[in-house]
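Following: one structure in structure tokens, then a few remarks.
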Amino acid sequence: MPKAEGFSLRRRLFIRLLGVLAVLTAGLFLFVSAYAQRAADAAFDRLLMASALSISDTVRVEDGRFSVDLPYSSLGILAQARRDRVFYRITAPDGELVTGYHDLPVAPAKAGVAGASGGDPATRFENASFRGMPVRIAVLKRFAAQPELGGWITIAVAQTREERGALARDILANAFLPIAFTVVAAGGLIWFGVRQALAPG
């Protein structure tokens, strides 16, 4: 086999094998990236729902109206995420604002859609944009049975996504770094194997 032809064949074979490796690497990257985002959401969603539950425990009726004695601990749960901003909105059964941000977007629950617990439509999470910032919203509906009033109270607690993004990036970097080293090593082994396989006898 002429030297130039042998080099050209090795190069073509190496490029094709490297292309397959690149496609597999891209697929792994997308998979790990999606996993990192899900893991970050799961961690912060627990805090969001805990905050909403803490607020729901303070709902009461005073002078024929619903009121909430917002506990510091309910939002203090989220205080560790220093880069994030936190918003909340509590509405009465008739839709009247009890306290919080009146313009916080909360979509009505869809019939037949499972909530955060997998089967409870009274708890759910939403992604939205609020005042130009992407937010994650935990929505909790609690039935208040009082002598004067009764109905479903809606408690929504929202958090911006900076800390989630930072956690997802950390998970992605820690999980994908070994894969990147493996890909580089595999590329070298492929080149070595191609050279050995097509070396003149």
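The values are calculated or read from the model by the stated rules, or taken from the named source; none is laboratory data. Since we're looking at a predicted model, the values are computed, not measured. Cβ: placed from backbone, ideal geometry, glycine included. Neighbour counts: every protein chain shown.
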(request) Using the structure shown, decide if residue 78 is surrounded by 12 or more Cβ atoms within 10 Å (Cβ to Cβ), assigned to a loop (DSSP other than H, G, I, E, B) and at pLDDT 85 or above. (result) no
(message) Any residue at all in the stretch 156-174 that's surrounded by 14 or more Cβ atoms within 10 Å (Cβ to Cβ) and at pLDDT below 85?
(response) no
(request) Just give me the residues in the stretch 10-51 being surrounded by 14 or more Cβ atoms within 10 Å (Cβ to Cβ), more than 18 Å from the chain's Cα centre (by Cα) and closer than 26 Å to residue 166 by Cα, in sequence order. (result) 25, 28
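Condition test on residue 153, is it farther than 18 Å from residue 50 by Cβ and modelled with pLDDT under 90? Reasoning before the result, please.
Working: farther than 18 Å from residue 50 by Cβ: no; modelled with pLDDT under 90: yes.
So residue 153 fails the test.
Pull up the stretch 81-132, narrow it to residues that are of a type outside the set (Lys, Arg) and on the phi > 0 side of the Ramachandran plot, then point me to the one that is modelled with the highest pLDDT.
Filtering the stretch 81-132 for residues of a type outside the set (Lys, Arg) gives 81, 84, 86-88, 90-109, 111-123, 125-130, 132.
Retained after the next criterion (residues that are on the phi > 0 side of the Ramachandran plot): 95, 100, 112, 118, 132.
Numbers: 95: 84, 100: 87, 112: 40, 118: 44, 132: 90.
Checking each candidate, the answer is 132.
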